[in-house]
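Q: Pasting in a structure now, in structure tokens, and then I'll have a few things to ask.
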Amino acid sequence: MRNLLLFGLFLFLSCDRVSDKLTTISEDLDFNHTLNTSNTLKVEVFTGFDKDSFRVFDEKNILLSAKIDELKTLIDNASRNGYDCCTSEDFIFKFYDDTDLIDSFSVSTTESLDYVILYEQGCQYSYSINKKDWNKYFKEIN
């Protein structure tokens with residue numbers, strides 16, 4: 001009976017780890033799908049608050065797919081993190097296939113001195129990107 005309980009516990013813990021791994025793979029596939037199917041990137045830059053205390057963003061169109069490819073390289077070199085809550089939203093990256101919005105991700109540049117956080121808007125996963133690499137990338141698209 002004890003062996004059966006231990007086997008059940010082992011099976012339960014193994015399934016939980018497999019589930020976590022499958023979730024990670026699924027999220028990575030979603031983000032890679034977003035990057036691979038988009039041909040237009042629109043960046044919204046936080047500029048302040050309006051008179052009613054709503055956040056105001058200035059939109060910039062970036063039509064170069066080369067910049068999306070460079071972002072792929074930044075992500076490949078970034079560390080992937082899990083749930084990320086309550087970070088600031090300094091930029092919003094919106095990925096389009098022509099005129100259809102595929103997905104959008106938020107970017108926080110003020111949470112850390114060393115890295116930038118690019119996170120899925122539901123805050124379920126994020127990437128930490130080296131701030132020097134990010135500044136070079138963003139300077140070129142700005």
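Q: Would you be able to say whether some residue in the range 72-84 is under 23 Å from GLU111 (Cα atoms), free of Cβ contacts under 8 Å to residues at least 24 places away in the same chain and more than 18 Å from the chain's Cα centre (by Cα)? Don't jump to the end; show me each part of the working.
A: Taking the range 72-84 as the starting set, the residues that turn out to be under 23 Å from GLU111 (Cα atoms) are 72-84.
If we keep only those that are free of Cβ contacts under 8 Å to residues at least 24 places away in the same chain too, we end up with 73, 76.
Retained after the next criterion (residues that are more than 18 Å from the chain's Cα centre (by Cα)): none.
Looking through the range 72-84, none of the residues is under 23 Å from GLU111 (Cα atoms), free of Cβ contacts under 8 Å to residues at least 24 places away in the same chain and more than 18 Å from the chain's Cα centre (by Cα).
Q: Does LYS51 satisfy the condition of being at pLDDT below 85 and part of a loop (DSSP other than H, G, I, E, B)?
A: It is true that LYS51 is at pLDDT below 85 and part of a loop (DSSP other than H, G, I, E, B).
Q: Just checking: which of the strands (runs of 3 or more DSSP E) contained wholly in the range 88-142 hold 1 or more residues that are among the charged types (D, E, K, R) and within 17 Å of ASN32 (Cα to Cα)?
A: On the way: elements: 91-97, 100-108, 115-120, 126-130.
Where strands (runs of 3 or more DSSP E) fall fully within the range 88-142 and carry at least 1 residues being among the charged types (D, E, K, R) and within 17 Å of ASN32 (Cα to Cα), they are 91-97, 100-108, 115-120.
Q: Of everything in the range 104-115, what is within 17 Å of PHE57 (Cβ to Cβ) and either out of contact with any Lys or Arg (no Cβ under 7 Å at 6 or more places or on another chain) or surrounded by 17 or more Cβ atoms within 10 Å (Cβ to Cβ) (or both)? Give them in sequence order. If you could, list the steps in order and put the result at the bottom.
A: Residues of the range 104-115 within 17 Å of PHE57 (Cβ to Cβ): 104-110.
PHE105, SER106, VAL107, SER108, THR109, THR110 - these are the residues of the range 104-115 that are within 17 Å of PHE57 (Cβ to Cβ) and either out of contact with any Lys or Arg (no Cβ under 7 Å at 6 or more places or on another chain) or surrounded by 17 or more Cβ atoms within 10 Å (Cβ to Cβ) (or both).
Q: Further question on the same structure: Among (1) surrounded by 11 or more Cβ atoms within 10 Å (Cβ to Cβ); (2) modelled with pLDDT of 90 or more, where does PHE91 come up short?
A: (2)
Q: Moving to a separate point now. When the residues of the range 54-85 are filtered to those that are assigned to a loop (DSSP other than H, G, I, E, B) and at pLDDT below 80, which remaining residue is surrounded by the most Cβ atoms within 10 Å (Cβ to Cβ)?
A: Only one residue tops the list, namely ASP84.
Q: Among TYR96, TYR137, which is the only one that is free of Cβ contacts under 8 Å to residues at least 60 places away in the same chain, more than 13 Å from the chain's Cα centre (by Cα) and surrounded by 13 or more Cβ atoms within 10 Å (Cβ to Cβ)?
A: Step by step, each of TYR96, TYR137 is checked, and only TYR96 is free of Cβ contacts under 8 Å to residues at least 60 places away in the same chain, more than 13 Å from the chain's Cα centre (by Cα) and surrounded by 13 or more Cβ atoms within 10 Å (Cβ to Cβ).
The values are calculated or read from the model by the stated rules, or taken from the named source; none is laboratory data. If you're wondering where the values come from, they're calculated on a predicted model, not measured in any experiment. Neighbour counts are summed over all protein chains in view; Cβ atoms, including those assigned to glycine, are modelled from backbone coordinates with ideal geometry.
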